[in-house]
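To start, the structure itself, in structure tokens.
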Amino acid sequence: MDRFDHYLLEHAKPAWAGAAKTHYNCQKCQDTGWITSFQDGYEVMSRCSCYAVGRAKELMEKSGLSMEFLKKSFDNFGTREEPVLANAKSKAVNYVKNFKETRHCRHNSIMFCGQPGSGKTHLGTAICGSLMAMCIPVIYMPYRNAMTKLKQNITDETAYIKALGVYMNAPVLYIDDLLKGKLTETDMNVMYELINYRYMNNLPLIISTEKDLEGLLVFDEATGSRIIEMCGTNIACIKGKEFNYRMSW
């Protein structure tokens, strides 16, 4: 039994243990994390979709995104009356709106690339929050920190496979600041392994990166071209220092 199971047991006590709870975060399972059904006359217990969302939230909190996750939304993303930023926001909103229909299609991903400080992470995080509100789990991968940990485990095959597997098999993966910092051949090999797996299995990506499309292809054409194909028209490129809100003081 993991830490999340302990949480469920602690917060989902039976009615006889105290006053009956009238409000639940999840009406389907009444916050127990389990759904009861009957198959061939037998009672069957299965995980509720909210359990996966709860686990995803735990991972996001451990990643350091928790405060951003709580604060960043489409409502508080300022376009500053700039058509480029308005276009990026529109792509993000429409991506969420159409996600359930496009989730298993080839062009099921989205990328924000270009200028630092233009709100790429804000929009990516807003998408995460919106998807998780729809009970769709998202795992957050802060590129530099995650890559450092993966490379530290690369000589331990079991630990490496386990660590990379979290990102490979995530229902939706948000890679923040993709290819940030000094890049090595190991970065290229690890990212190809990760992106190719998700490409072959039609698993969606949300990406923010300072690289433009040419920069992705220069890093590694095989990896970059897969990302570009997965995103299709869901790519917002923001170029120009005037879009760096950190410099607008």
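For SER208, are the conditions met, namely being polar (S, T, N, Q) and within 17 Å of the chain's Cα centre (by Cα)? Answer is yes for this residue. Looking at GLY129, GLY117, GLY124, just one residue is out of contact with any Cys (no Cβ under 8 Å at 6 or more places or on another chain), open to solvent by 10 Å² or more (accessible area, probe 1.4 Å) and either small (Gly, Ala, Ser) or modelled with pLDDT of 95 or more (or both), and that residue is GLY129. Consider ILE110 carefully, then state whether it is among the β-branched types (Val, Ile, Thr), within 18 Å of LYS71 (Cβ to Cβ) and in contact with a strand residue (DSSP E or B) (Cβ under 9 Å, 6 or more places away or on another chain). Taking the combined requirement at face value, the residue does not satisfy it. Within region 57-72, the residues that satisfy the criterion of being modelled with pLDDT under 70 and either surrounded by 19 or more Cβ atoms within 10 Å (Cβ to Cβ) or not basic (Lys, Arg) (or both) are LEU59, MET60, SER63, GLY64, LEU65, SER66, MET67, GLU68, PHE69, LEU70. Pairs linking a residue in region 76-88 that is basic (Lys, Arg) to a residue that is open to solvent by 60 Å² or more (accessible area, probe 1.4 Å), with Cβ atoms under 8 Å and 6 or more positions apart or on different chains, are ARG80/TYR245. Applying the set (1) within 19 Å of the chain's Cα centre (by Cα); (2) more than 23 Å from LYS149 (Cβ to Cβ); (3) of a type outside the set (Val, Ile, Thr) to ARG198 leaves exactly one unmet item: (2).
Within region 77-92, restricting attention to residues that are modelled with pLDDT of 90 or more and open to solvent by 60 Å² or more (accessible area, probe 1.4 Å), the residue that is nearest to MET111 (Cα to Cα) is ASN87.
For (1) touching a Phe, Trp or Tyr at 6+ places or on another chain (Cβ under 9 Å); (2) more than 30 Å from GLN27 (Cα to Cα); (3) not acidic (Asp, Glu), each residue gets a yes or a no:
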| residue | (1), (2), (3) |
| --- | --- |
| ASN87 | no, yes, yes |
| TYR95 | no, no, yes |
| ARG103 | no, no, yes |
| HIS107 | no, yes, yes |
| THR121 | yes, yes, yes |
| ASN145 | no, yes, yes |
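The values are calculated or read from the model by the stated rules, or taken from the named source; none is laboratory data. Only a predicted model underlies this, so the values are computations on that prediction, with no experimental measurement involved. Ideal geometry is used to build each Cβ from the backbone, glycine not excepted, and the neighbour counts take in all protein chains shown. Surface areas here come from the heavy atoms of the whole protein model, side chains and all, with no ligands, DNA or RNA. Shrake-Rupley method; radii C 1.70, N 1.55, O 1.52, S 1.80 Å.
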